[in-house]
Each structure stands twice: as C-alpha cells, then as structure tokens.
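Just below is one structure, and these are the notes that go with it.
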Amino acid sequence: QVTVVESGGGSVSTGESMGLSCEFSGSYVYWGAMGWSRQAPGKQLEMVASVARDGDTTYSDSLQDRFTIFRDDAKPQISLQMNNLRIDDTGVYYCHVRLRDKTAWGTGIQVTVSQ
C-alpha cells in the first residue's frame, strides 16, 4: 500500500510564490519518476513537472521558467516551487509517483491565484 500526501497550496495574489510538497510512504522500495500534474477549471489534466530516479527533470514548456521541482529520496518526497504565479496557474495540483506496476496519485491540492 502506497500513500501520497500533498501539502501546501492555498490562495495567493498574482506575482507571488508558493511551494507544494508531497510525501510518499509504503512498503515499496522502488520509487520511479515523481511529479506534479494539474487541472484547471474546465480543462484537461496537464503535466507540470517530473523528476526521474536519476534526477533528470522534465517541465511543461510553458512553466519551466517559473516552476522548479525537487526530489529527496531519503524521505521520500518531492516539492514544487512556483514563482511569479499567474491567474491561469489556478487549479488542483496532483502529486504522483511511478511504481513498478502502476502510478500512485495523491488526492490533489487546490492552488488559487487572484489579482
């Protein structure tokens, strides 16, 4: 059984920063790629950022200049630093991790950006 727990989130104004964290736990010893996706109101799920076991990172083209993902396998956990937030960054952010045979997802955390 694997659990994925997101924290952080909330409401900020445009131009501000916010950090999200995600902790993983379970009996699995293999933690594959970890990442964040988001879903804005009325839109499809979008990949935000991911980090592989070797530390290689991937970002959505439109976000890589403002978002940074970090991975700590000692805990294990990941975090997402979001800078210069915009109104269209509003949405539910989901944390996920690739296991050997499936992907485990968190329940999501709300991020709201307003003027």
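The values are calculated or read from the model by the stated rules, or taken from the named source; none is laboratory data. Keep in mind that what you see is a predicted model, and the values were worked out from it rather than measured. Cβ atoms come from the backbone with ideal geometry, glycine included; neighbour counts cover every protein chain shown. Areas reflect the complete protein model, heavy atoms only, side chains present, ligands, DNA and RNA absent. Shrake-Rupley method; radii C 1.70, N 1.55, O 1.52, S 1.80 Å.
Sorting 46-55, 31-40 by average packing, meaning the other beta carbons within 10 Å per residue, from highest down gives 31-40, 46-55.
Keeping every protein chain in place, order 61, 56 by accessible area at 1.4 Å, biggest value first, i.e. largest first.
Sorted descending by solvent-accessible area, the residues read 61, 56.
Can you find, among 77, 5, 48, the residue farthest towards the positive end of the dipole of the chain? Put +1 on the C-beta of Lys and Arg, -1 on that of Asp and Glu. Among 77, 5, 48, the one farthest towards the positive end of the dipole of the chain is 5.
Return one whole number: the accessible area per residue of the chain in Å², for a 1.4 Å probe. It would help to have the intermediate numbers written out before the result.
Numbers: 6220 Å² over 115 residues.
So the chain comes to 54 Å² accessible per residue, rounded to a whole number.
A cut-off of 5 Å between modelled amide H atoms, ignoring neighbours fewer than 5 places along the same chain, links residue 25 with 3. Taking the Cα centre of the chain as reference, the dipole from Cβ charges on Lys and Arg (+1) and Asp and Glu (-1) amounts to some 240 debye. Ligands, DNA and RNA left out, the accessible area of segment 60-108 computed with a 1.4 Å probe is 43% carbon and sulfur.
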